[in-house]
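The values are calculated or read from the model by the stated rules, or taken from the named source; none is laboratory data. Keep in mind it's a predicted model, so treat the numbers as computed, not measured. Ideal geometry is used to build each Cβ from the backbone, glycine not excepted, and the neighbour counts take in all protein chains shown.
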Amino acid sequence: MVFLKNKFKLISVILCSFLFSFGAHSSDYPTKPINVMVGYAAGGGTDSYARTLASFIHEHLGMPFMITNKPGASGFIAAKAVADAKSDGYRLYVMAPGPFFIKDVLDGDKAKVKPLEVFRPLGTVGVLNTSLMVPMDSPFKTAKDFVDYYKANPDKVARWANTGNASLHTLGGHAFLQANGIKAQTIPHKGGAKARLSIISKQVDYGFVGIQLLAGFDTKMRPLGALGNTRDPNYPDVPTVEEAGLPPMGIANPMMVWAKKDIPEDAAQKLIVAIKKVAESKGFKKLIKKLGLSAIYASPEESVKLLNDLGAQVTPVAKRVFNK
């Protein structure tokens, strides 16, 4: 009997120790750096948002964000890496959701990552706007000049840079060219920074990239028109293509921070609070603006609405562009 009592006491101690350590682990999150995956090369808009967020997040979480760039497949190699990771809150994903809807149109039931089935948004920290860009010595001064020239020279098939075949910038480019009856050869790149390099080095004739990529390169390339419904607040002198008398595009992509859907709730709430504090801080807004980006904050609930609204807008455009 003594042996059995001692045995039960030992089991109770082990069980209590396990429960205590589990609770401590859960409530003490995070206890180590958090890996944040970016599906594009360093230097682009997505990477800039992620790194700016990382510059401030440790002040509110007590642990840093460690950025890992894993470019390819318009962000989906990184998305898959997060989807396949443990649901412990130590691997997150920064990406604007437009490519999810484009990939869904292109791949249908074969699409491997559907956003709200795999991830949950922890908040929106900005928005990416697309612009038609040309090298600085291009003869075109406006989007109307551009369209008029290619309509008058239909046999002139130019090459244009995109930021990835499934990116929203690329969809905007396809939609713009299609709406204006322009034929062209698209050259895919792994992210906006590489597409920008092709434009300024004149390896292509023009490109459709995030307007923020103009920051620091405004003497090397020229924006002809923004594809959003309104002018970008950081570039108020760049008119929308609609203002130029061309068909409206109305395409903009909110930048979101994602976790796996089944992340522990206490970890999710700590991340949500920290992301909100950073996104609404003066330091974050100042640095984001300096990078030519637009800082906005939307809660997880508001992000889901933005996500659904974007899907309703993008899906029919993608079906038309890609003949699906």
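Here is a yes/no grid of residues against (1) basic (Lys, Arg); (2) closer than 25 Å to Thr170 by Cβ; (3) in contact with a Phe, Trp or Tyr (Cβ under 8 Å, 6 or more places away or on another chain); (4) part of a helix (DSSP H, G or I):
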site	(1), (2), (3), (4)
Gly250	no, yes, no, no
Met255	no, yes, yes, no
Trp258	no, yes, yes, no
Lys270	yes, no, yes, yes
Gln313	no, yes, no, yes
Quick check: anything in the range 259-271 in contact (Cβ under 8 Å) with a residue 12 or more places away in the chain and of a type in the set (S, T, N, Q)? no
Here, strands (runs of 3 or more DSSP E) confined to the range 67-168 with at least 2 residues that are in the same structural domain as Leu213 (by TED's automatic domain parsing) are 119-135, 158-162
Filter the range 221-230 for residues that are in a loop (DSSP other than H, G, I, E, B), in contact (Cβ under 8 Å) with a residue 12 or more places away in the chain and out of contact with any helix residue (DSSP H, G or I) (no Cβ under 6 Å at 6 or more places or on another chain); the one that is farthest from Ala96 (Cα to Cα) is Asn229
Within the range 38-66, restricting to residues that are among the aromatic types (Phe, Trp, Tyr) and in a helix (DSSP H, G or I), the one that is nearest to Ala78 (Cα to Cα) is Tyr49
### Message
Regarding the range 265-275, can at least one residue be identified that is closer than 19 Å to Leu128 by Cβ, assigned by TED's automatic domain parsing to the domain that holds Lys80 and not basic (Lys, Arg)?
### Response
yes
Over the range 290-302, the set of residues in a helix (DSSP H, G or I) and either at pLDDT 95 or above or under 17 Å from Ser131 (Cβ atoms) (or both) is Pro300, Glu301, Glu302
Over the range 104-136, the set of residues charged (D, E, K, R) and in contact (Cβ under 8 Å) with a residue 24 or more places away in the chain is Asp104, Lys112, Glu117, Arg120
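Look at the range 109-153 and say how many of its residues are among the polar types (S, T, N, Q) and over 18 Å from the mean Cα position of the chain (by Cα).
First pass over the range 109-153, keeping only residues among the polar types (S, T, N, Q): 124, 129-131, 138, 142, 153.
Filter once more, so that each one left must be over 18 Å from the mean Cα position of the chain (by Cα): 138, 142, 153.
Qualifying residue count for the region: 3.
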Based on this model, can you work out whether Asp266 counts as surrounded by fewer than 22 Cβ atoms within 10 Å (Cβ to Cβ), of a type outside the set (Lys, Arg), at negative phi and assigned to a loop (DSSP other than H, G, I, E, B)? no
Within the range 236-263, the residues that are buried (at least 18 other Cβ atoms within 10 Å of the Cβ), of a type outside the set (A, V, I, L, M) and more than 30 Å from Ala143 (Cα to Cα) are Trp258, Lys260
Pairing a residue in the range 197-220 that is closer than 21 Å to Tyr49 by Cα with any residue that is of a type in the set (Ser, Thr, Tyr), where Cβ atoms lie under 6 Å and the two sit 6 or more apart in sequence or on different chains, gives Phe208/Thr130; Val209/Thr163; Ile211/Ser131; Ile211/Tyr235
Of (1) touching a helix residue (DSSP H, G or I) at 6+ places or on another chain (Cβ under 8 Å); (2) on the phi < 0 side of the Ramachandran plot, Ala54 fails just (1)
Here the residues within the range 178-228 that are crowded, with 21+ Cβ neighbours inside 10 Å and either of a type in the set (Val, Ile, Thr) or within 15 Å of Ser74 (Cβ to Cβ) (or both) are His189, Gly191, Gly192, Ala193, Ala195, Ile199, Val204, Phe208, Val209, Gly210, Ile211
Quick check: is even one residue across the range 58-71 under 23 Å from the mean Cα position of the chain (by Cα), surrounded by fewer than 16 Cβ atoms within 10 Å (Cβ to Cβ) and modelled with pLDDT under 95? no
The correct count of residues that are of a type in the set (A, V, I, L, M, F, W, C) and either closer than 23 Å to Ala279 by Cα or crowded, with 24+ Cβ neighbours inside 10 Å (or both) in the range 85-120 is 9
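Return yes when Gly292 is at positive phi and assigned by TED's automatic domain parsing to the domain that holds Ser55 and no when it is not.
So Gly292 fits the description; yes.
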